[in-house]
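Asks: Below is one structure. I have some questions about it.
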Amino acid sequence: MLDGPTIASSIHDAGFSHVVWIPDSHLGTWETAIEQSSLVLVRPTREGEAVAIAAGLLIGGAKPLVLVQCTGFFEAGDAVRNVVHDMKLPLKLVVGVRSWQAVRDGKSRDNCPTFAEPVVRAWGLPFTWIEPTADIAACRTAFATLAAADSASVLLWAE
Amino acid sequence: MMTHLQALEVLAEVRGDRVVITTMGSVGLWPKLSDTPKDFAYLPSSMGQAIPLGLGLALAKPGLGVIVISGDGGLLMNLGCLVTLAQHDVPLTVVLIDNGLYEVTGGQVLAGAGKTDYAGIAKSCGITRVAQFETADGWRSEAAECLAGDGPGFVWLKVEGVRGQATPSPPRPMAEQLLRLRAAI
């Protein structure tokens, strides 16, 4: 399993300056590593707010990464619509897909994995997946690719 | 009670070189008072997101003064953003235009209109620089001081509600606004 220090260094080395996040039980394991890195961690109160903070950071020339669970991404739809399609800012998100492994293994009936990718598609966002078996090289490549994309993009994180 | 326009006229006198982000009804009024590259009409918008957008800008540009003019309806859609704002030592002042109405949709009554203590909310969230005014004279007498000082601030302005207002339009397309703002900061 990819650990926090690997994630934090991958985010940093990809060129991101800020992490704006509302963690879930999976993403939250990265907190200490992010805090100990040179990334600036911003803690908003809900996901649409995280998207808007990232928009302001982008306007000001910073390189933010929004990290949220898919449930929060669903909630943040209008903020995403505005930032990506009205303002046309290159918003970058990591969206944790809750229960992805458990549903795959028949151990959960959580419907989050059912809706995550279709909702990302609905907002017109290019996306890639990273799965639990990913190695460090794949992780680093995923963040580097996300950061380098000219347009708004999503990395769906299978939890 | 002051009018919305009077509230903004006072602000225009004291805003200095700060970035001013306008929302909703203020978008239609502010360009008559100021239309520089540092005046950013957040329209089209996502309601309730102007304050976090301003916070992001302030975090990206340390020391940049930012004023966000928010309506009461917009603030209520995202009250938690005041908690977030209070965590950061940034020179950002929220100017709340409280008319008790969803003005741009015709003037429907807002939840809690006339009863909500926005200054109390701001203080409870941890913002220490908080003021409130109902008259233009009172606001004018302390406006400059309200914008000065370190850290986030919150100014609650009670204004007359007006029904039947036309839906405002931004003074120029979003792409052009962003280019102007980025070049100016």
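Asks: Given only helices, namely DSSP H runs of n ≥ 4 each adding -39500 (n - 2.57), what is the per-residue ellipticity at 222 nm of chain A, to the nearest 500 deg cm²/dmol?
Replies: That calculation yields -12000 deg cm²/dmol at 222 nm.
Asks: Right, another one. Give the percent of DSSP beta bridges with both residues in the protein assembly as shown that are antiparallel, rounded to the nearest 5.
Replies: Counting DSSP beta bridges with both partners in the protein assembly as shown, the antiparallel share is about 5 percent.
Asks: Using a Gaussian network model on chain B with a 10 Å cutoff between Cα atoms, which of B:SER169, B:SER70, B:SER26 fluctuates the most?
Replies: The residue with the greatest mean-square fluctuation here is B:SER169.
Asks: Below 8 Å, C-alpha to C-alpha, sequence gap of six or more: please give me the relative contact order for the stretch A:4-158 in percent.
Replies: Dividing the mean separation by the residue count of the stretch A:4-158 yields 26 percent.
Asks: Taking beta carbons within 10 Å but only from partner chains, what does the mean come to for residues A:57-65?
Replies: 6
Asks: Among A:VAL19, A:VAL95, A:VAL40, which one shows the biggest mean-square fluctuation in a GNM of chain A, springs joining Cα atoms closer than 10 Å?
Replies: A:VAL40
Asks: Choose one answer from B:ASP72, B:ASP98, B:ASP35: the residue with the largest mean-square fluctuation in a GNM of chain B with alpha-carbon springs under 10 Å.
Replies: B:ASP35
Asks: Please compute, for peptide B:71-82, the average count of beta-carbon atoms on other protein chains lying within 10 Å of each residue's beta-carbon.
Replies: 2
Asks: What is the dipole size for the stretch A:4-158, taken about its Cα centre, with +1 at each Lys and Arg Cβ and -1 at each Asp and Glu Cβ, in debye to the nearest 20? List each step's numbers first, then the result.
Replies: On the way: 12 positive and 15 negative charges, 29 e Å.
That gives the stretch A:4-158 a dipole magnitude of about 140 debye.
Asks: Are there GluC sites (Glu not before Pro) in the stretch A:38-104 that DSSP marks as loop and that have at most 14 other Cβ atoms within 10 Å, and which are they?
Replies: Sparse-neighbourhood loop GluC sites (Glu not before Pro): none present.
Asks: Order of A:SER25, A:SER108 from fewest to most other C-beta atoms within 10 Å?
Replies: A:SER25, A:SER108
Asks: Shifting gears a bit: Would you give the gap between the C-alpha center of the stretch B:54-99 and the C-alpha center of the stretch B:22-41, rounded to a whole Å?
Replies: 16 Å
Asks: Taking a ≥ b ≥ c as the square roots of the eigenvalues of the Cα gyration tensor of chain B, is the shape rounded (a/c under 1.5), prolate (a/b larger than b/c) or oblate?
Replies: Since a/c stays below 1.5, the shape of chain B is classed as rounded.
Asks: Next question. Relative to the Cα centre, what is the charge dipole magnitude of the stretch B:109-182, using +1 at the beta carbon of each Lys and Arg, -1 at the beta carbon of each Asp and Glu, and rounding to the nearest 20 debye?
Replies: 320 debye
Asks: At a 10 angstrom cut-off on C-beta neighbours, averaged per residue, how do the peptides B:154-166, B:103-115, B:136-148 rank from highest to lowest?
Replies: B:154-166, B:136-148, B:103-115
Asks: Total Lys pairs in the protein assembly as shown closer than 23 Å by alpha-carbon, pairs eight or more apart in sequence or interchain only?
Replies: 12
Asks: Which whole number gives the average, over all residues in B:57-64, of C-beta atoms from other chains lying within 10 Å of the residue C-beta?
Replies: Neighbouring Cβ atoms belonging to other protein chains average 6 per residue here.
Asks: Got the relative contact order for chain B handy, in percent, Cα pairs under 8 Å and 6 or more residues apart?
Replies: 30 percent
Asks: Of A:ILE53, A:VAL97, A:MET87, which is farthest towards the positive pole of the stretch A:11-103's charge dipole, taken about the Cα centre with +1 and -1 on the beta-carbons of Lys, Arg and Asp, Glu respectively?
Replies: Ranked along the dipole, the leading option is A:MET87.
Asks: Nearest-5 percent of antiparallel DSSP beta bridges in the stretch B:4-184?
Replies: DSSP beta bridges in the stretch B:4-184 are roughly 10 percent antiparallel.
Asks: I need the phi-derived Karplus couplings for the stretch B:102-113: 6.51 cos²θ - 1.76 cosθ + 1.60, θ = phi - 60°, integer Hz, Gly and Pro marked x.
Replies: 8, 5, 6, 9, x, x, 6, 6, 7, 4, x, 4
Asks: Dipole magnitude of chain B about its Cα centre, charges +1 at Lys/Arg Cβ and -1 at Asp/Glu Cβ only, in debye to the nearest 20?
Replies: 420 debye
Each reported figure results from applying straightforward, stated rules to the coordinates on display, with no laboratory input. Since we're looking at a predicted model, the values are computed, not measured. Counting neighbours? That spans all protein chains shown, and the Cβs are built from the backbone with ideal geometry, glycine included.
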